[in-house]
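Notes to accompany the following structure.
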Amino acid sequence: MSATRMGRFAEPALWILVALGRGPAAATTLLAAVGRLDGQVGPATLIGALARLERNELIERSTADRPPMYRLANYSPEASS
Amino acid sequence: MSRLIGLYPGPWRARYEAELRDLLAARPPSLVGRLDLVAGALDAWLHPELIVPGAADRRASTRVRLAGLAAVAGGALWLAMMTTQVVVASTGRDVDFTVAGWVVVLLMTVAALGATPPGRARGVGVGILLAGLLFGLGVVLPWDLKPLPVVPLLLVVFGGLLTITTLRTGLSRGAQRAVVGVGFGLPFPVVIAALAGLLPYLPSTPGVLLSLLWVYGVAWLIVGGVLLLGGGHRWATPASPTGPTEVAA
């Protein structure tokens, strides 16, 4: 798969990865977490960064949950504890 | 707010609308937040491949075919111009080809930009713009000074545009060299040298000399035809076997 360039989404994407390092989270949780780590980020920017991270297979999106939960690709609860 | 969400493409809304509404409910957007939504919509339209697998390939394919159409149209108009020039020259009259000439350059520029891989289009575009500005400057200069910038720029613009477009056809290197060499490298220097009186054994009638430039139009028709038939797909973004990763459970 070709890598998708992160562009202006690189920084929020980095903070999303940091936030997801603590465990799976929904978009609303991530918005608050990224806000705490790096200041306010717009909802559309957050979704754009999530879409790119998914596309680059760095995170996964669970459709079994409502709202959908995001987790690091190959995330295992044991490794993060 | 729904109107702003309506700006997003359908596949994007199908995937993210509920989440976006949750985010907006959790934190009602300020003016900056609304601008963020508009910018996000623009981004979603510009990057459909984030949601729909293969969208980038389809867009690249459309670009190449549009480039092919522009190349064919430019080549055909060039041939019509040269033919008219030869016919008119035989009657001793003069026809102003300024508008037609600019349309030809515009069509060939569209072809070159359309056939350029997306990552390099900006650099090629800036180069073409600079050449166009210099060319325009050459046109408005006093007549005595015209040959200085116009002739080299004619070579750069017409040769560059054909070369850039031909490079993306997917033809073999040999075929590319043949198209650019026969279509541009041979006739243009010969005609310019003859018009400058450097080749006295060639007829100096402009109409006859300009008929040598027919092959340039034919070269564009060939390049455009190859692009239209799908020969330019070599540079298209590699297809992704899957869309965004989703975990079902």
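The values are calculated or read from the model by the stated rules, or taken from the named source; none is laboratory data. On a predicted model such as this, the values are computed, not experimentally measured, just so you know. With ideal geometry, Cβ positions are generated from the backbone for all residues, glycine too; neighbour counts draw on all protein chains shown.
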Checklist entry - Among B:VAL99, B:VAL88, which is in contact (Cβ under 8 Å) with a residue 12 or more places away in the chain, surrounded by fewer than 18 Cβ atoms within 10 Å (Cβ to Cβ) and more than 19 Å from B:GLY224 (Cα to Cα)? => result B:VAL88
Checklist entry - Given the structure, is B:GLY159 assigned to a helix (DSSP H, G or I), modelled with pLDDT under 75, of a type outside the set (A, V, I, L, M) and surrounded by 15 or more Cβ atoms within 10 Å (Cβ to Cβ)? => result no
Next on the checklist: Name the residue that is farthest from the other protein chains (Cβ to nearest Cβ), counting only residues in the stretch B:36-47 that are loosely packed, with under 15 Cβ neighbours inside 10 Å and modelled with pLDDT of 90 or more.
Outcome noted: B:LEU42
Checklist entry - Failed condition for B:LEU130, given (1) in contact with a helix residue (DSSP H, G or I) (Cβ under 9 Å, 6 or more places away or on another chain); (2) at pLDDT below 80; (3) under 30 Å from B:LEU227 (Cα atoms), with all others met? => result (1)
Checklist entry - Which of the helices (runs of 4 or more DSSP H) contained wholly in the stretch B:184-249 include at least 1 residues that are over 30 Å from B:SER172 (Cβ atoms) and modelled with pLDDT under 75? => result B:187-195, B:206-211
Item to check | Residue list for the stretch A:39-57, restricted to those being out of contact with any helix residue (DSSP H, G or I) (no Cβ under 7 Å at 6 or more places or on another chain), buried (at least 18 other Cβ atoms within 10 Å of the Cβ) and in a loop (DSSP other than H, G, I, E, B) | outcome: A:ASN56
Item to check | Residues of the stretch A:4-56 classified as under 12 Å from B:LEU50 (Cβ atoms) and more than 10 Å from chain B (Cβ to nearest Cβ), total | outcome: 2
Item to check | One residue from B:GLY114, B:GLY92, B:GLY101 being modelled with pLDDT under 80, away from every other protein chain (no Cβ under 14 Å) and farther than 23 Å from A:MET6 by Cβ | outcome: B:GLY92
